[in-house]
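The values are calculated or read from the model by the stated rules, or taken from the named source; none is laboratory data. Keep in mind that what you see is a predicted model, and the values were worked out from it rather than measured. In this analysis, Cβ positions are derived from the backbone assuming ideal geometry, glycine residues included, and neighbour counts consider all displayed protein chains. The protein model used for the area step is the full one, side chains on, heavy atoms only, and it has no ligands, DNA or RNA in it. Shrake-Rupley method; radii C 1.70, N 1.55, O 1.52, S 1.80 Å.
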Amino acid sequence: MSRAQRHGRAVAVIGLGYVGLPTALALRASGVRVIGIDIGADRLRDIRAGAVDLGPRDRERLTDALHDSAFLLTDDPRASAWADTVMICVPTPVDRHQAPDLGMLAAACASAVAHAVSGQLLVLTSTSYVGTTRDLLLAPLAARGMKAETDVFVAVAPERTDPGSAGHGQDLTPRVVGGAGRRSTASAASVLSRISPSVHTVGSPEAAEMTALWETTFRAVNIALANELADSCAVFGLEPRAVIDAAATKPYGFMPFYPGPGAGGHRIPCDPHYLLWQLRAERIPSPVVDAAMRALAERPGRMAGLITAKLAARGIPVAGARVLLVGVAYERGVADVRESPALEIMELLADWGATVAFTDPLVPSVELRGGTLSGVTDPWEQRWDLVVLHTVHPSTDLSLLGPEHIVLDISQNRRGHGGGGRYRAAPGATGASPAGDGAAPGAGVHGAEAHGPGTAVPGASPTGSTTPATPGGGTAP
């Protein structure tokens with residue numbers, strides 16, 4: 001048996017969150033003995049109870065794994081010493097100043113190093129700054145007298161998880177691996193080949209780290225551009241989604257990105273800041289990325305301004321207005337609200353005096369500045385001045401929307417007029433928005449009709465900013 005083949009028979013996964021748990025389940029399904037380590041007692045309790053956010057396939061895997069003696073869950077970090085391979089899968093968020101928050105990653109790496117044993121393979125999957133592996137794994141291991149490529153093996157394989165997308169599961173998504181040397185790279189590639197269709201190797205940990213930052217920064221910049229161009233479409237009275245779909249017919253040189261209420265989740269709002277933070281330390285400007293991240297951060301505020309403009313167009317002041325957000329998760333099909341634009345939108349509207357509520361079939365409650373806000377279980381039995389479509393899950397039922405509901409669609413996921421469909425108006429729906437509301441074509445407030453994100457209204461928010469919306473427009477879910 002080669003050295004590479006000796007790794008991957010027993011794998012410890014440190015961190016059982018949105019990346020770590022699916023990774024552990026995929027490894028177990030491939031026949032590997034798995035030791036899942038998480039210091040959060042509540043998280044372990046939820047996993048054992050099956051009360052975690054997983055897709056259908058991973059939920060089935062979890063049910064099977066919980067009855068398998070080869071799948072161990074523990075909060076004891078020392079358990080990593082029992083494995084031949086350790087995979088570190090912890091979040092890398094940013095703080096309120098948008099600087100990297102390395103606390104969880106540093107602690108996980110320190111634990112892995114402290115309990116490392118001779119011959120073990122350590123694989124970092126968390127996205128972080130270039131040089132993280134050398135700083136948090138290789139240097140501390142060397143300080144323990146453990147030499148990479150001889151006593152221990154170290155590699156980076158940045159996670160590529162797309163929550164809510166069945167078409168981008170781990171077994172369908174190639175992985176990139178960069179090791180401390182040839183042996184480390186080969187061993188990590190061998191382990192990952194069990195759960196990935198292919199593995200692309202690069203020449204160093206730094207190359208793999210930069211690959212992850214490049215991927216996410218590319219998405220962030222293009223989403224910011226899509227938002228900006230969608231707002232520009234309104235100047236010409238154009239439906240952004242129709243233009244995007246037309247441009248996407250070009251077989252080269254174009255990749256469609258779609259506007260929305262903002263960027264949520266753990267990657268796009270966070271990862272590019274690790275790159276910017278590192279470049280600033282070297283006094284190297286990155287004006288395009290910097291501008292894109294500022295624009296994404298400002299987007300929820302612009303959406304809140306659009307909501308107030310829509311209310312004002314109907315003679316309803318934001319103070320005292322009753323506003324319902326449909327969906328608060330950052331993405332369709334997931335229960336994750338990290339960095340969700342909905343949170344900031346609701347907080348701003350509440351600050352301006354609105355009565356804000358939400359309904360989401362996957363999210364029972366959210367934490368806002370004012371405390372915990374629970375979702376409304378019977379939203380269509382109440383009166384709302386405005387219903388805002390933010391995240392329309394596949395399980396969201398909009399059939400009860402009637403002509404009495406004034407609907408504004410700021411979601412990213414619903415197809416617009418040029419995209420092949422729109423949400424069918426209920427009988428008696430009014431059609432055009434009230435005259436004089438300043439809305440560009442396609443951006444009106446309609447009775448029981450969802451018009452989309454990306455269309456601008458040259459009205460002003462309470463803070464005085466312009467308030468364009470995002471494209472979209474209304475296919476039934």
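Descriptive notes on the structure:
- Filter pass, Tyr258 being out of contact with any helix residue (DSSP H, G or I) (no Cβ under 8 Å at 6 or more places or on another chain), open to solvent by 10 Å² or more (accessible area, probe 1.4 Å) and hydroxyl-bearing (Ser, Thr, Tyr): no
- Region 54-100, subset among the hydroxyl-bearing types (Ser, Thr, Tyr) and in contact with a strand residue (DSSP E or B) (Cβ under 8 Å, 6 or more places away or on another chain), residue farthest from Leu276 (Cα to Cα): Thr74
- Selection of first residues in region 115-127 that are at pLDDT 95 or above and of second residues that are among the acidic types (Asp, Glu) and surrounded by 24 or more Cβ atoms within 10 Å (Cβ to Cβ), restricted to Cβ pairs under 7 Å at least 6 apart or on distinct chains, gives the following pairs, ordered by first then second residue: Thr127/Asp271.
- Members of region 339-389 found to be surrounded by 14 or more Cβ atoms within 10 Å (Cβ to Cβ), under 22 Å from Leu401 (Cβ atoms) and among the β-branched types (Val, Ile, Thr), listed by number: Ile345, Thr355, Val356, Thr359, Val363, Val376, Val387, Val388
- Looking only at residues in region 131-175 that are in a helix (DSSP H, G or I) and among the small types (Gly, Ala, Ser), the one that is surrounded by the most Cβ atoms within 10 Å (Cβ to Cβ) is Ala142.
- Across region 405-416, the number of residues qualifying as at pLDDT 85 or above and either out of contact with any Pro (no Cβ under 7 Å at 6 or more places or on another chain) or open to solvent by 70 Å² or more (accessible area, probe 1.4 Å) (or both) comes to 4.
- For Ala448, the conditions (1) aliphatic (A, V, I, L, M); (2) open to solvent by 20 Å² or more (accessible area, probe 1.4 Å); (3) at pLDDT below 90; (4) farther than 15 Å from Leu311 by Cβ are fulfilled apart from (2).
- Qualifying residue in region 51-72 (condition: among the aromatic types (Phe, Trp, Tyr), under 16 Å from Asp38 (Cβ atoms) and open to solvent by 30 Å² or more (accessible area, probe 1.4 Å)): no
- Residue list for region 104-125, restricted to those being among the polar types (S, T, N, Q) and either open to solvent by 10 Å² or more (accessible area, probe 1.4 Å) or out of contact with any strand residue (DSSP E or B) (no Cβ under 8 Å at 6 or more places or on another chain) (or both): Ser111, Ser118
- Taking region 362-409 as the region of interest, the strands (runs of 3 or more DSSP E) fully inside it that hold 1 or more residues being without any contact (Cβ under 8 Å) to a residue 12 or more places away in the chain are 365-368, 371-374.
- When residues of region 183-228 are limited to those that are within 30 Å of Asp290 (Cα to Cα) and among the polar types (S, T, N, Q), the one most open to solvent (accessible area, probe 1.4 Å): Thr201
- Of all residues in region 18-37 being in a loop (DSSP other than H, G, I, E, B) and open to solvent by 30 Å² or more (accessible area, probe 1.4 Å), the one that is farthest from Thr127 (Cα to Cα): Gly31
- Counted residues, region 284-312 - those being open to solvent by 30 Å² or more (accessible area, probe 1.4 Å), assigned to a helix (DSSP H, G or I) and among the hydrophobic types (A, V, I, L, M, F, W, C): 5
- Residue in region 122-138 that is in contact with a His (Cβ under 6 Å, 6 or more places away or on another chain) and at positive phi present: no
- Any chance Thr217 is of a type outside the set (D, E, K, R) and closer than 15 Å to Phe257 by Cα: yes
- For region 77-94, taking the residues that are β-branched (Val, Ile, Thr) and open to solvent by 10 Å² or more (accessible area, probe 1.4 Å), the one that is nearest to Ala212 (Cα to Cα) is identified as Thr92.
- Members of region 195-254 that are out of contact with any helix residue (DSSP H, G or I) (no Cβ under 8 Å at 6 or more places or on another chain), in a loop (DSSP other than H, G, I, E, B) and under 19 Å from His168 (Cα atoms): Ser198
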